[in-house]
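These notes are about the structure you will find just below.
The values are calculated or read from the model by the stated rules, or taken from the named source; none is laboratory data. Bear in mind the structure is a predicted one, so any value in this text is a computation, not a measurement. Glycine also receives a Cβ, built like all others from the backbone with ideal geometry; neighbour counts cover every protein chain displayed. SASA here: full protein model, heavy atoms, side chains in, ligands and nucleic acids out. Shrake-Rupley method; radii C 1.70, N 1.55, O 1.52, S 1.80 Å.
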Amino acid sequence: REFTAIRGRDGCVELFALASDRTLHVRRQQQPGGPWGPWEPPEPLVASVHVTLDARGQIALFALDPGGQVWIRRRVAPDEWAPWLRFGKDATQLTAACHATGQLMALIVDRDGLMYTCTEDHPGGPWGEWAGDWENDDETHLQIALVRDARGHFTVFSLHADHTLWGSHEAEDDFGEWEQIGEGLHRFAAASDLQGRIFLAGIAPDRSLWARRQRSAGGPWTPWQHHDLDLLDVHVA
């Protein structure tokens, strides 16, 4: 039903797949570019997942359960996870990333359609309170993403109900005004490349692929490029 993937600091890729019965299935490469290990025992009652790397290079797995509660656990060894930790609010969507200062930040859309953020007090430490700084935004968020560029700044992306894609860039301790970046998209994915430029890929109503990237970290965007493919979803990393 849904999948995502991430490459750890050891170079091995891990795959996270949600089945239609809301069980989470995980497997990882045994060595970079090498064969895959077995699927881990399935984790039940998971509605959505997001993965990122923390400041220590550990994989941080965020999950929403069917009731909307937010959970996190970390990969502490190739074959071992830390226990699940529950924190916070009821949510319908979830994304997360690691700040340049090392703290993880989670971004959610709650059941009222409002966006909230929560940040670790220090890398690997306890989580602070949820902050709702987006009250002036009355749009319906179909999909959200949070990406860090080479300067250590976050950009929040939101696909609105009218299928326009918007972004808000972090400046010091706050986010700036929303800027429209695309339109006519049903799904999208965003990631930062090795030069810190953000790359965007989106799926159009005809299931073709559109893509663009920043010309420099935090800089202007290239034009959208069209690729005649037949896709239902897209993932970039």
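Counting Lys and Arg as +1 and Asp and Glu as -1, each charge on the Cβ, what is the dipole of the chain about the Cα centre in debye, to the nearest 20? Walk me through the numbers on the way to the answer.
Working: 21 positive and 35 negative charges, 223 e Å.
Dipole size: approximately 1080 debye.
Counting heavy atoms of the protein chains only and a 1.4 Å probe, report the per residue accessible area for the chain as a whole number of Å².
Accessible area per residue, the chain: 51 Å².
Roll a 1.4 Å probe over the protein heavy atoms and report the accessible area of ILE72 in Å², nearest 10.
10 Å²
So which GluC sites (Glu not before Pro) in the range 92-161 pass both tests, a DSSP loop state and at most 14 other Cβ atoms within 10 Å of the Cβ?
GLU129, GLU135
Percentage of Cα-Cα pair distances in the range 164-237 greater than 20 Å, rounded to whole percent?
Summing the P(r) tail past 20 Å for the range 164-237 gives 31 percent.
For the range 106-181, state which trypsin sites (Lys or Arg not before Pro) are in a DSSP loop and have at most 12 other beta carbons lying within 10 Å of their beta carbon.
Hits after loop and neighbour filter: ARG111, ARG151.
How would the range 136-185 be classified by its alpha-carbon gyration tensor: rounded, prolate or oblate, with rounded meaning a/c under 1.5 and the a/b versus b/c comparison settling the rest?
prolate
Dividing the Cα radius of gyration by the Kirkwood radius, what Rg/Rh value follows for the range 157-202?
Expressed as Rg/Rh, it is 1.00.
Take the chain, connect every pair of alpha-carbon atoms lying under 10 Å apart with a spring to form a Gaussian network, then pick out the residue of LEU15, LEU209, LEU85 with the largest mean-square fluctuation.
Sorting by GNM fluctuation, first place goes to LEU85.
Rounded to the nearest percent, how much of the accessible area of the chain (1.4 Å probe, protein heavy atoms only) is carbon and sulfur? Before the final figure, lay out the partial values.
Numbers: 5950 of 12030 Å².
Roughly 49 percent of what the probe reaches on the chain is carbon or sulfur.
What is the Rg over Rh value, at two decimals, for the chain, using alpha-carbon atoms and the Kirkwood definition of Rh?
Ratio of gyration radius to Kirkwood radius for the chain: 0.94.
Per 10 Å bin, what percent of the C-alpha pairs of the range 102-237 does each bin hold, from zero upward?
Histogramming the range 102-237 at 10 Å steps yields 12, 41, 35, 11, 1 percent.
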